[in-house]
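Asker: Below: one structure in structure tokens.
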Amino acid sequence: MVILGALVNGIEACIGGVLGVVLRRWIKKDMGDFLLVGQGLCVAFIGIQGMTGTASAIIVTLSMALGALVGFVCDIDGWFHRLGDAVQTRLEARFGNGGRLGNFSAGFVPASLLVCTGSMAIVGSLQSGMLLDHATLFSKGAIDFIICMVMASTLGIGVAFSGATVFVYEGLLTLLATIIAPWLSATVIENMVATGSLLLFALGLNLMGVTRVKAANLIPACFMPAALVPLFTFLGLL
């Protein structure tokens, strides 16, 4: 099955989130906050690792600028939060507002961004679609399981629903891989990975409480290199 990697990744992220909610009753708030800072450091480290290649600084810069503009106009962050608030309302109607499940948006938005951005999500989805090689997404699923479990122990049940987000995201990338493959040169992929890793770095800073960047509005930036790299190559600038 071509989307097997995306499916397994989504299930593992969901299970990790559910276990985190179950375990949160034994984790004090100050300990949970400290664990979240530690995860923020790890996410920032993963982001830095993804930016250590030979991607073009001008491509990444323009991708972030154009992507931020598109994301701001479309208000992707707002859509994420409105979806989270709608689910929160349904959860409170079903289970009551005892605070046991946490604020849905507070967990759903950062967890969805975390599991959907970065090199492993992009490259792994392309490998699944073009080569039927799911190894990268299987490995990513194991990592997401641990990270989502820790995040959910602090941020609540919204983290578990990031499993659905990553399944849809990686599944679509996987299905589109064979169509967009002719435009995805090694240079395009490298710049997509670098841009996505920069987004991960921003998310890591958010988790540590250093910044409050609306990272969801930067999602379109990850795909801008697919258009910018061929354009710069045609103009002889790369």
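The values are calculated or read from the model by the stated rules, or taken from the named source; none is laboratory data. Note that the coordinates shown come from a computational prediction; the quantities given were computed from them, not determined experimentally. FYI the Cβ positions are ideal-geometry reconstructions off the backbone, even for glycines, and counts take in every protein chain you see.
Asker: Test T165 against the criterion of being β-branched (V, I, T), assigned to a helix (DSSP H, G or I), more than 21 Å from V37 (Cβ to Cβ) and at pLDDT 90 or above, and give yes or no.
Answerer: It is true that T165 is β-branched (V, I, T), assigned to a helix (DSSP H, G or I), more than 21 Å from V37 (Cβ to Cβ) and at pLDDT 90 or above.
Asker: Can you name the residue in the range 43-65 that is of a type outside the set (V, I, T) and surrounded by fewer than 16 Cβ atoms within 10 Å (Cβ to Cβ) and is also nearest to D144 (Cα to Cα) among such residues? First the steps, then the outcome.
Answerer: Here is the first cut: in the range 43-65, the residues of a type outside the set (V, I, T) are 44-45, 47, 49-51, 53, 55-57, 62-65.
Among the residues that remain, those that are also surrounded by fewer than 16 Cβ atoms within 10 Å (Cβ to Cβ) are: 45, 49, 53, 57, 65.
On the way: F45: 15, Q49: 17, G53: 23, A57: 29, A65: 28 Å.
Going through the qualifying residues, I end up with F45.
Asker: Let me ask something else. If you go through the range 215-224 one residue at a time, do you hit one that is closer than 11 Å to M64 by Cβ, hydrophobic (A, V, I, L, M, F, W, C), outside any helix (DSSP H, G or I) and in contact (Cβ under 8 Å) with a residue 40 or more places away in the chain?
Answerer: Yes, because at least one residue in the range 215-224 is closer than 11 Å to M64 by Cβ, hydrophobic (A, V, I, L, M, F, W, C), outside any helix (DSSP H, G or I) and in contact (Cβ under 8 Å) with a residue 40 or more places away in the chain.
Asker: Which residue pairs have Cβ atoms under 6 Å apart, sit 6 or more places apart or on different chains, and have a first residue in the range 122-136 that is over 10 Å from M1 (Cα atoms) and a second that is among the acidic types (D, E) and part of a helix (DSSP H, G or I)?
Answerer: S125/E170
Asker: Would you call T174 surrounded by fewer than 23 Cβ atoms within 10 Å (Cβ to Cβ), β-branched (V, I, T) and modelled with pLDDT of 85 or more?
Answerer: So T174 fails the test.
Asker: Considering the range 128-140 alone, what residues qualify as being surrounded by 19 or more Cβ atoms within 10 Å (Cβ to Cβ) and more than 21 Å from L36 (Cβ to Cβ)?
Answerer: Of everything in the range 128-140, those that are surrounded by 19 or more Cβ atoms within 10 Å (Cβ to Cβ) and more than 21 Å from L36 (Cβ to Cβ) turn out to be S128, G129, H134, T136, L137.
Asker: Moving to a separate point now. Is it the case, given these coordinates, that C148 is in contact with a helix residue (DSSP H, G or I) (Cβ under 7 Å, 6 or more places away or on another chain) and closer than 23 Å to I59 by Cβ?
Answerer: The answer is no for C148.
Asker: Considering each of S56, S105 in turn, give the residue that is closer than 16 Å to V159 by Cα and either hydroxyl-bearing (S, T, Y) or in contact with a Pro (Cβ under 7 Å, 6 or more places away or on another chain) (or both).
Answerer: Numbers: S56 fails: closer than 16 Å to V159 by Cα.
Of S56, S105, the one residue that is closer than 16 Å to V159 by Cα and either hydroxyl-bearing (S, T, Y) or in contact with a Pro (Cβ under 7 Å, 6 or more places away or on another chain) (or both) is S105.
Asker: Also: Would it be correct to say that I58 is modelled with pLDDT under 85 and not hydroxyl-bearing (S, T, Y)?
Answerer: Criteria not met by I58.
Asker: Touching a residue at least 40 places away in the same chain (Cβ under 8 Å), at positive phi and under 15 Å from the mean Cα position of the chain (by Cα), is that true of G118?
Answerer: The answer is yes for G118.
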